[in-house]
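Step one of this worksheet: look at the structure below.
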Amino acid sequence: SLPPAVLAGAKASVEYLMVSDIERQRQRRNVRHFKYRLEKAGMPFLNGDSHIVPLIVGDATCCKAITDILLNQYNIYVQPINYPTVPIGTERLRLTATAAHSLADVDHLCDVLERLWMENHVHQYARA
């Protein structure tokens with residue numbers, strides 16, 4: 001079982017989030033801004049109602065290479081989604097903007113993704 005202090009902290013967090021809308025508003029703002037930046041850059045993402053934004057890469061090796069670069073060179077962790085989770089040819093990055101991110105964080109990720117996309121010709125693999 002968990003220590004009482006951890007449980008009390010979790011309970012206080014849930015109670016706070018039940019009455020606060022600040023975090024939900026911030027998350028929605030960040031997701032809107034993130035999708036706007038990706039769309040403006042012409043990057044192929046699946047645009048839906050979710051805060052999860054799949055960026056289609058279309059090649060497993062390239063998808064893994066991008067996530068390695070993001071982590072090793074920029075200290076940004078992004079989950080690659082490859083076969084068998086998705087069909088071959090639809091490999092993607094699983095991106096999420098949260099309330100914990102600032103707009104500067106979102107812009108930084110978008111700037112890095114745009115640079116990687118163009119420098120490494122990721123777009124040659126992408127299938128929208």
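The values are calculated or read from the model by the stated rules, or taken from the named source; none is laboratory data. Only a predicted model underlies this, so the values are computations on that prediction, with no experimental measurement involved. Cβ: placed from backbone, ideal geometry, glycine included. Neighbour counts: every protein chain shown. What goes into the accessible areas is simple: the full protein's heavy atoms, side chains included, and nothing from ligands, DNA or RNA. Shrake-Rupley method; radii C 1.70, N 1.55, O 1.52, S 1.80 Å.
If the condition is being part of a helix (DSSP H, G or I) and farther than 12 Å from R94 by Cα, then the stretch 52-65 contributes A60, T61, C62, A65. Residues in the stretch 1-28 that are surrounded by 11 or more Cβ atoms within 10 Å (Cβ to Cβ) and of a type in the set (D, E, K, R): E23, R24, R26, R28.
Residues that are over 15 Å from Y36 (Cα atoms), open to solvent by 40 Å² or more (accessible area, probe 1.4 Å), among the hydrophobic types (A, V, I, L, M, F, W, C) and part of a loop (DSSP other than H, G, I, E, B) do occur in the stretch 96-107. Considering the stretch 45-75, the residues that are open to solvent by 80 Å² or more (accessible area, probe 1.4 Å) and among the charged types (D, E, K, R) include one that is farthest from W117 (Cα to Cα), namely D49.
Has the stretch 36-44 got at least one residue that is basic (K, R), under 19 Å from E119 (Cβ atoms), without any contact (Cβ under 8 Å) to a residue 40 or more places away in the chain and in contact with a strand residue (DSSP E or B) (Cβ under 7 Å, 6 or more places away or on another chain)? Outline the logic, then answer.
First pass over the stretch 36-44, keeping only residues basic (K, R): 37, 40.
Now narrow it down to the ones that are under 19 Å from E119 (Cβ atoms): 37, 40.
Filter once more, keeping what is without any contact (Cβ under 8 Å) to a residue 40 or more places away in the chain: 40.
Keeping just the survivors that are in contact with a strand residue (DSSP E or B) (Cβ under 7 Å, 6 or more places away or on another chain) gives none.
No - not one qualifying residue is present in the stretch 36-44.
Among the conditions (1) modelled with pLDDT of 95 or more; (2) more than 30 Å from S13 (Cα to Cα), the only one that C62 does not satisfy is (1). Residue count for the stretch 29-44 satisfying the condition of being hydroxyl-bearing (S, T, Y) and loosely packed, with under 11 Cβ neighbours inside 10 Å: 0.
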